[in-house]
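Following: one structure in structure tokens, then a few remarks.
What follows draws every value from the coordinates through simple rules; no lab data is involved. Every value quoted in this text rests on a predicted model; they were computed, and no experiment measured them. Please note: Cβ atoms are built from the backbone with ideal geometry, for glycine as well, and neighbour counts cover all protein chains shown.
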Amino acid sequence: MTDAANTNIAGAGTVATSPLSVPPQQVSPVAFERRTGPRPSVLSLNIGSKSALYAAYMPSLRNGGIFIPTARTYALGDEVFMLLSLMDDSAKLPIAGSVVWITPAGAQNSKAQGIGVQFKSDESGVDARRKIEVLLGGVMQSSRPTHTI
């Protein structure tokens with residue numbers, strides 16, 4: 001059985017729904033996930049706007065990373081594999097990573113529940129970081145809050 005999750009970040013258009021979907025009041029956007037056994041989770045993340053990408057991107061991580069809103073329980077160090085779609089680009093970037101940040105339900109300042117995933121230092125991780133930073137450009141210097149800081 002393939003592990004899978006679909007998350008649509010604000011501005012992406014459609015939102016994944018299923019009997020396992022997280023209620024919208026808990027996490028925006030809605031997440032759908034299945035995970036069995038010790039295999040890495042497979043996440044599909046669609047980010048549809050520059051502001052959503054800014055809020056989710058974690059540039060302070062060594063290889064870059066991304067925050068994924070989810071109610072699913074993960075532990076630090078858990079391996080994940082994601083298919084990342086960025087704004088108007090129909091291509092999905094395949095990226096391996098590991099959980100390095102956990103925001104629990106009910107976190108301070110109404111932060112969304114979810115995980116921060118650090119990209120691996122392989123070619124796909126480096127490529128994803130480069131593409132994200134090109135898309136964000138000067139916005140990366142903003143002082144606006146993000147999902148993690």
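Tell me which lysines have Cα within less than 24 Å of Lys131's Cα, excluding those fewer than 8 residues away on the same chain? Straight-line reach from Lys131, under 24 Å: Lys50, Lys92, Lys120.
Label positions at Ser121 and Ser51, each projected 7 Å from the Cα along the C-beta direction, are separated by 3.7 nm.
Computed 3J(HN,Hα) for segment 71-79, one whole-Hz value per residue from the Karplus formula 6.51 cos²θ - 1.76 cosθ + 1.60 where θ = phi - 60°, is 9, 5, 7, 10, 10, 4, x, 4, 7, glycine and proline marked x.
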